[in-house]
Amino acid sequence: MKFNVKTTKPESEKLDALVLGVFEGEKKLSADVAAIDKAMGGMIAEVVSGAEFTGKAGSHVLLPTMGKIGARRLLLLGMGKRASFKLDSLRQAAGRAAQLVRDYKFKTAGAPLADHAGAAFPARLHGQTLAEGILMALYDYGAYKTEREDAERPVFEAVTLFAPAAETAALKAGLADGERIAEAVALTRDLVSAPGSDMTPTILANRAKEMADKQGIKCQVLDEKAIDKLKMGALLGVARGAMEAQPPRFIVLEYLPVKGRKPLVFVGKGITFDSGGISIKPADGMDKMKYDMAGAGAVIGALKAIASLELPVNVVGLIPATENMPGGHAMHPGDILKTMSGKTIEVINTDAEGRLILADALSYAERYQPEVVLDLATLTGACVIALGNQAIGLMGNDQGLVDQILAAGERTWERAWQLPLWEEYSEQIKSDIADVKNGGGRPAGTITAAAMLAKFTGAYRWAHLDIAGTAWEDKGRAYVPKGATGIGVRLLVDLAREYAKGGKAMAAGTSAAASAASNGKVVPPAKPAAKVATGGTKISANGAKTGAKTSAKPAAKPASRKK
Ligand code: BES
Ligand code: MN
Ligand code: ZN
């Protein structure tokens with residue numbers, strides 16, 4: 001897609017379609033639309049004053065222009081009520097317009113941004129949001145279709161935006177931002193929508209490496225031997241059922257452009273297919289479990305976007321990747337796994353595998369002395385029951401960080417909702433014979449899963465994002481076609497940007513964990529269970545950069561760690 005920004009009059013441009021946003025119930029035309037209406041002999045005012053087109057969100061009218069203006073067609077797009085119009089309404093409108101333009105088989109479209117509907121946002125953000133909406137809406141997972149009814153369809157190839165001269169530079173920069181972000185979302189969607197047999201741990205690692213090479217960032221892939229050497233017994237336990245056919249991988253992505261600042265660590269659940277293992281899932285709907293690496297996909301996409309935007313922030317991506325399969329060597333319900341942290345987990349249900357592989361990844365994260373650790377995982381069916389497809393389930397050990405994520409969710413419209421991670425929930429995951437068990441029964445299933453993860457977090461601020469309900473779209477909606485949604489990419493990019501700006505809640509010194517880590521010390525665990533085998537400043541076996549190289553100046557003031 002080519003984006004043009006022009007300062008000329010929209011009515012003089014040769015286009016297949018000129019798109020005009022119309023707010024619901026507003027009959028008075030804005031100045032730029034009035035000029036076009038004049039050239040059209042009053043046709044727009046006539047349509048807008050009628051009852052058949054009210055400007056309701058989701059509605060549109062296509063009008064021929066009879067050669068009166070440069071564009072062949074006018075597309076009046078309902079924007080909904082001005083009072084409730086927000087940034088995501090603009091993203092949705094852009095997405096709807098793009099799909100209409102595509103479906104009407106137009107090649108070129110334009111829209112004035114001077115003072116008509118939606119021009120209420122700063123130009124750079126406006127540009128980013130338009131590009132996101134358009135490109136995410138036009139995304140098509142076409143990898144496996146060999147016969148398509150729309151094969152002959154002309155390709156929507158160019159968008160021209162008309163804006164005042166003072167805004168063109170910012171608008172162009174925003175469009176470029178949006179293009180990079182949308183490309184990253186597309187990569188994530190590609191990875192997550194791919195069938196399990198074509199997105200094995202090895203293939204996922206190769207795709208991560210390919211992305212890293214293109215972006216000039218570091219990628220290390222640990223194989224089953226290296227994983228064993230690290231004593232990641234929980235990851236290996238889950239991997240056992242598929243070991244011979246599809247061995248696990250542990251993927252490490254490092255984007256560390258800033259000296260002397262601690263990294264954000266993003267951990268993504270990378271179950272490339274979740275059959276449930278010996279505690280096998282019912283056949284109905286099992287096919288969807290190819291999406292069980294959506295957390296991993298989001299982390300790979302986020303790293304791609306952050307690197308291509310060249311954000312001045314250090315970010316590490318960690319992805320434990322394996323299948324969860326039954327088999328002669330598979331772990332059994334009742335087995336006990338020894339994790340990298342040294343702690344033991346009783347496997348009540350082999351289908352609660354996500355928390356097992358994440359436990360080891362959360363231990364590995366400690367070596368970076370992270371500013372914060374965020375894990376993203378399609379972790380629980382209970383999250384889908386609790387929040388449906390609208391919100392990410394969010395929990396953490398630091399309210400400042402949780403608030404920051406909630407705010408980023410509102411900005412990006414990848415919204416999250418906090419659930420209580422109270423100590424009392426840990427009662428449900430007490431094991432009689434191991435340190436913890438991997439199932440807490442049906443009540444509060446999303447919280448007890450997070451409670452188990454919390455037993456493996458180190459001396460860092462941490463948040464867990466359960467994306468089970470939000471990573472897949474069954475029906476298709478504005479800018480989110482059916483299939484993998486790419487959730488998490490825009491949220492993580494927004495957070496990284498905030499951190500790059502020195503966002504308050506993410507700055508060093510807001511918790512004891514952060515301040516002590518920045519002094520090169522290992523923080524005494526808040527809970528007796530939180531000791532981690534690796535950590536501190538030692539160089540990792542695989543040569544990964546350690547906290548020592550990236551640790552920051554001493555933090556301003558210590559504060560108590562909220563947990
Ligand atoms: N990947 C699933 C989570 C999931 C299940 C997402 C259904 C979407 C729909 C996860 O590995 C899982 O199977 N979790 C179990 C945990 C239970 C056995 C404690 C679940 O949620 O049923
Ligand atoms: Mn499972
Ligand atoms: Zn799973």
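Other residues lying with their Cβ under 12 Å from the Cβ of ILE336 contribute a combined charge of -1, Lys and Arg counting +1, Asp and Glu -1.
Taking all protein chains together, LYS28, LYS145 sort by accessible area into LYS28, LYS145, largest first [probe 1.4 Å].
Suppose every Lys and Arg Cβ carries +1 and every Asp and Glu Cβ carries -1, with no other charges. What dipole size does the stretch 181-517 come out with about its Cα centre, to the nearest 20 debye?
On the way: 36 positive and 38 negative charges, 150 e Å.
Result for the stretch 181-517 is approximately 720 debye, rounded to the nearest 20.
Rg and Dmax over the alpha-carbon atoms of the stretch 294-374 stand at 15.7, 48 Å. At the residue level, ASP190 shows approximately 50 square angstrom of accessible surface with a 1.4 angstrom probe and all protein chains present.
Would you mind getting the accessible area per residue of the stretch 181-517, heavy atoms of the protein chains only, 1.4 Å probe, in Å²? Present the calculation step by step, with values, prior to reporting the outcome.
On the way: 10870 Å² over 337 residues.
Per residue, the stretch 181-517 has an accessible area of 32 Å².
The Cα center of the stretch 460-492 and the Cα center of the stretch 360-392 differ in position by 12 Å. For the residue pairs LYS6/LYS56; LYS86/LYS218; LYS86/LYS475; LYS231/LYS262, the C-alpha atoms sit more than 30 angstrom apart in LYS86/LYS218. Taking every DSSP bridge with both residues inside the chain, close to 40 percent are antiparallel. Across the chain, the relative contact order, built from alpha-carbon pairs under 8 Å that are at least six residues apart, equals 14 percent. For the residues MET1, MET331, a 1.4 Å probe over the protein chains yields an accessible-area ranking, largest first, of MET1, MET331. To the nearest 10, the accessible area of THR8 is 70 Å² with a 1.4 Å probe. Rounded is the label for the stretch 1-130, because a/c, from the alpha-carbon gyration tensor with a ≥ b ≥ c as root eigenvalues, stays below 1.5. Per-residue accessible area (protein heavy atoms, 1.4 Å probe) orders HIS60, HIS332 as HIS332, HIS60, starting from the largest.
How many percent of all Cα-Cα pairs in the stretch 73-226 sit more than 25 Å apart? Pairs farther apart than 25 Å: 43 percent.
The shape of the stretch 436-484 can be summarised by an equivalent ellipsoid whose semi-axes, obtained from the alpha carbon gyration tensor, come to 30, 15, 7 Å from longest to shortest.
Sorting 33-45, 120-132, 349-361 by average packing, meaning the other beta carbons within 10 Å per residue, from highest down gives 349-361, 120-132, 33-45. Once the chain is represented by equal point scatterers at the alpha-carbon sites, with solvent omitted, what log10 I(q)/I(0) does the Debye formula produce at q = 0.06, 0.09, 0.11, 0.12 Å⁻¹? The Cα Debye sum returns log10 ratios of -0.32, -0.68, -0.95, -1.08. With an a/c value under 1.5 for the gyration tensor axes a ≥ b ≥ c computed over the alpha-carbon atoms, the stretch 181-517 is described as rounded. Applying a DSSP loop filter and a limit of 16 other Cβ atoms within 10 Å to the trypsin sites (Lys or Arg not before Pro) in the stretch 404-458 leaves LYS430. By accessible area, using a 1.4 Å probe on protein heavy atoms only, the chain has 54% of its surface on carbon and sulfur.
Here the stretch 143-277 yields Rg over Rh of 1.09, to two decimals, using C-alpha coordinates and the Kirkwood radius.
The values are calculated or read from the model by the stated rules, or taken from the named source; none is laboratory data. Worth saying up front: this structure is predicted, and the values here are computed from it rather than measured. Glycine gets a Cβ as well: all are built from the backbone with ideal geometry, and neighbour counts include every protein chain shown. With ligands, DNA and RNA removed, areas are computed over all heavy atoms of the protein, side chains included. Shrake-Rupley method; radii C 1.70, N 1.55, O 1.52, S 1.80 Å.
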